[in-house]
Amino acid sequence: MLFNIVVFILILSVLVIIHEMGHFIAARFFKMNVEEFGIGYPPKILTLFKWKGIPFTLNAIPFGGFVKLDGEIPDDENAKRTEGQFWPRPGWQRLIVLCAGVLCNFIFGVLAFTILYSKYGIPVAPPPTVAIISPGSPAETAGLKVGDTFNAVGSTPVTSIDQFKNIITANQGNNVDIFVLRDGKTEKVTAHIRTEKDRPSDQGLLGVAFPEPTVKFYPWYEMPFRAGYTGTKQALLFGKMVVTSLADVGRQAVVDKKVTTQLSGPIGIVYEADKQKLFADGFFGDLNFAALLSINLAVINILPLPALDGGRVFLLLFERFLNHKRRAKLENIINTIGFALIISLIVVISFSDIAHILQSK
């Protein structure tokens, strides 16, 4: 476990440095002044080297890094700025610089998935064919058989397993007509779809299981392109899952007045990764974990929350409605409060993770 914690810290630090490198590259592209690129967080230990007058420093707190832009933090004296500073630049340039870190984290996730798919093959989804039928399930009662391939539910054609699952989920508690291909002929059965509260924990709503996905290798000159395309789809899909999960957490907190147990801090993430043996496959297992974590960081960072890139983007979009003095004061207050809240949340979640781990053992 201790080794995995060290690996997690190293992976997280690399991902944060990649994030900050995005800000750095974008700022230099627009010829903005960079005062420092830090590896780790202050206090500073030493200056590693200088590149075009920019110090690259090693700092004492070994988590991630930072980029310090000239004029990045607004104050009342920022009204007169030189051309190389941050705030005098057009809004679209500042927007690109602020979003560049998130983009780099997402690109890293895509590249990591591309490498993994190039090595292990491109997943091929099987057709929606029944592989297992649970005894006593609605599928058995309706007369479905192993080997049946779903063609349609009611008047809706079925082309994939995910589509079939979505249709079944939308029809909980209802009787539905299911059309299957059996021995070359189309057959119709009528099944009652259970609700979530009625289904056994080890079964689905209908009580069928499907074949596992397979992988396919293409000629070497095709693999990078196919792997890149699949990696991009996987990154977008996982990003969507993160957004959906965060939306559910927010809904539970606001609408249902419930404190969710879905959130995990660094301790909980390492514990779950260790349980799932994500670190057990050496470099490629670590790469898969890094890809998932990088996309997670990208999504969280672009949220319109104080002290995050998304929060700064949000203020940037509304800056024309505020004069400079008010905007500077507002951003400083919001970022200070936001940073304090984020640190407090991490501490609370970490204690919750420890309690959950101790309880599970």
Does region 199-242 come out rounded, prolate or oblate by the C-alpha gyration tensor, with a ≥ b ≥ c the root eigenvalues, rounded set by a/c under 1.5 and, if not, prolate when a/b is larger than b/c and oblate if not? oblate
Peptides ranked, highest mean first, by Cβ atoms within 10 Å: ranges 137-150, 92-105: 92-105, 137-150
Interchain or sequence-distant (5+) residues whose placed amide H lies within less than 5 Å of the amide H of Gly71 are Phe86
Among rounded, prolate and oblate, which fits region 129-190 when a ≥ b ≥ c are the square roots of the eigenvalues of its C-alpha gyration tensor, a/c under 1.5 means rounded, and a/b larger than b/c means prolate? rounded
Once amide H atoms are built 1.01 Å from N in the peptide plane, which residues 5 or more positions from Asn151, or in another chain, come under 5 Å H to H? Phe179, Val180, Leu181
FRET efficiency estimate (nearest 0.05) - Cβ-Cβ, Val146 to Ile5, R0 45 angstrom: 0.50
Express the relative contact order of region 12-74 as a whole percentage, based on alpha carbon pairs under 8 Å and six or more residues apart in sequence. 40
With every protein chain in place, region 38-170: carbon and sulfur % of accessible area (1.4 Å): 64
Residues with beta-carbon under 14 Å from that of Ser118, excluding Ser118: net charge, scoring Lys, Arg +1 and Asp, Glu -1? +2
Of the peptides 300-313, 221-234, how do they stack up when ordered by the mean number of other Cβ atoms within 10 Å, highest first? 300-313, 221-234
Quick check: residue separation of Leu103 and Phe217 times 0.36 nm, minus the Cα distance between them. What number comes out in nm? 38.1 nm
Taking Cα pairs closer than 8 Å and at least 6 residues apart, the relative contact order of region 36-144 in percent is 15
Could you tell me which of rounded, prolate or oblate describes region 1-130, using a ≥ b ≥ c as the square roots of the eigenvalues of the alpha-carbon gyration tensor, with rounded for a/c under 1.5 and, failing that, prolate when a/b is larger than b/c and oblate otherwise? oblate
Are there any trypsin sites (Lys or Arg not before Pro) in region 19-65 that are in a DSSP loop and have at most 15 other Cβ atoms within 10 Å? List them by number. Lys31, Lys52
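The values are calculated or read from the model by the stated rules, or taken from the named source; none is laboratory data. Everything numeric in this text was worked out from a predicted model, so none of it was measured. Backbone-built Cβ (ideal geometry, glycine too); neighbour counts: all protein chains shown. Surface areas here come from the heavy atoms of the whole protein model, side chains and all, with no ligands, DNA or RNA. Shrake-Rupley method; radii C 1.70, N 1.55, O 1.52, S 1.80 Å.
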